[in-house]
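Just below is one structure, and these are the notes that go with it.
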Amino acid sequence: MGFVLPPLPYAKNALEPHVSGLTVDVHHERHQRHYVEKLNELVSGTRDADRPLEDLIRQARGEIFENAAQAWNHTCYWNSLTPAALRELPLPLVEPIRQAFRDLAGLRRTLAATANGVFGSGYVWLVADRERRFHVIATPNADNPQRDGLTPLLTIDVWEHAYYLDRRNRRDEYVAAVVDHLLNWDFAAANLAAQEATQR
Ligand code: FE2
């Protein structure tokens with residue numbers, strides 16, 4: 001059966017007007033699907049076909065790593081966005097965000113500046129380290145913070161295919177729309193809770 005493309009967690013046009021249904025459709029149905037299908041092609045008939053995606057991200061190299069990470073990163077990205085963004089942070093996020101960024105506005109500014117500073121293709125991530133301290137980091141191409149022992153809490157895709165149809169080369173407009181309107185704080189809180197559970 002191999003790896004499968006997970007369905008979107010909302011309707012394709014649910015993120016409008018910030019990200020269009022066309023962009024979401026092409027991004028999910030063409031780009032992410034391509035990574036999943038390519039990964040299946042690469043691991044077909046090998047032991048890697050039965051390993052969890054996270055294992056391939058942490059241990060594989062070359063094309064298998066790149067396609068496994070792209071399959072995983074995109075699912076993380078879709079879940080990092082929501083048409084029903086909370087205005088208030090879930091309680092477990094409040095103190096770590098205060099310590100690292102002073103407040104939610106500080107986190108938003110750091111995310112936007114880091115995302116706009118990525119040279120070429122990549123992702124910006126809110127991550128927790130092993131001491132549950134929060135950081136914003138950028139990774140190039142398909143790279144994933146799990147390789148460095150960090151827990152992704154949420155991510156923003158800044159490959160051009162994430163915004164070019166809507167905004168041509170104006171990445172800053174796309175980043176501002178996502179950071180100000182679409183981030184899924186419940187998802188970040190759930191990822192933090194899962195990290196805590198595995199550390200116990
Ligand atoms: Fe993407």
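The values are calculated or read from the model by the stated rules, or taken from the named source; none is laboratory data. Note that the coordinates shown come from a computational prediction; the quantities given were computed from them, not determined experimentally. No Cβ is skipped: glycine too gets one built from the backbone with ideal geometry, and neighbour counts run over all protein chains shown. The accessibility values were calculated without ligands, DNA or RNA, using every heavy atom of the protein model including side chains. Shrake-Rupley method; radii C 1.70, N 1.55, O 1.52, S 1.80 Å.
Are any of the residues in region 184-195 without any contact (Cβ under 8 Å) to a residue 60 or more places away in the chain and among the acidic types (Asp, Glu)? No - not one qualifying residue is present in region 184-195. Residues in region 8-51 that are surrounded by 13 or more Cβ atoms within 10 Å (Cβ to Cβ), away from the ligand (no atom under 14 Å from the Cβ) and of a type in the set (Asp, Glu): 16, 37, 48. Of all residues in region 160-193, those that are open to solvent by 50 Å² or more (accessible area, probe 1.4 Å) and of a type in the set (A, V, I, L, M, F, W, C) total 3. Test residue 58 against the stated conditions and say whether it is more than 15 Å from the ligand (Cβ to nearest atom), modelled with pLDDT under 95 and either closer than 15 Å to residue 189 by Cβ or small (Gly, Ala, Ser) (or both). For residue 58, the condition - more than 15 Å from the ligand (Cβ to nearest atom), modelled with pLDDT under 95 and either closer than 15 Å to residue 189 by Cβ or small (Gly, Ala, Ser) (or both) - is not met.
Does residue 110 satisfy the criteria of being modelled with pLDDT of 95 or more, open to solvent by 40 Å² or more (accessible area, probe 1.4 Å) and of a type in the set (Val, Ile, Thr)? Against the criterion (modelled with pLDDT of 95 or more, open to solvent by 40 Å² or more (accessible area, probe 1.4 Å) and of a type in the set (Val, Ile, Thr)), residue 110 qualifies. When residue 5 is tested against (1) crowded, with 19+ Cβ neighbours inside 10 Å; (2) within 16 Å of the ligand (Cβ to nearest atom), exactly one condition is not met: (1). Contact map, region 72-85: residues that are closer than 20 Å to residue 180 by Cβ paired with residues that are away from the ligand (no atom under 12 Å from the Cβ) and part of a helix (DSSP H, G or I), Cβ distance under 7 Å, separation 6+ or inter-chain. Pairs shown: 79/187; 80/187; 81/178; 85/181.
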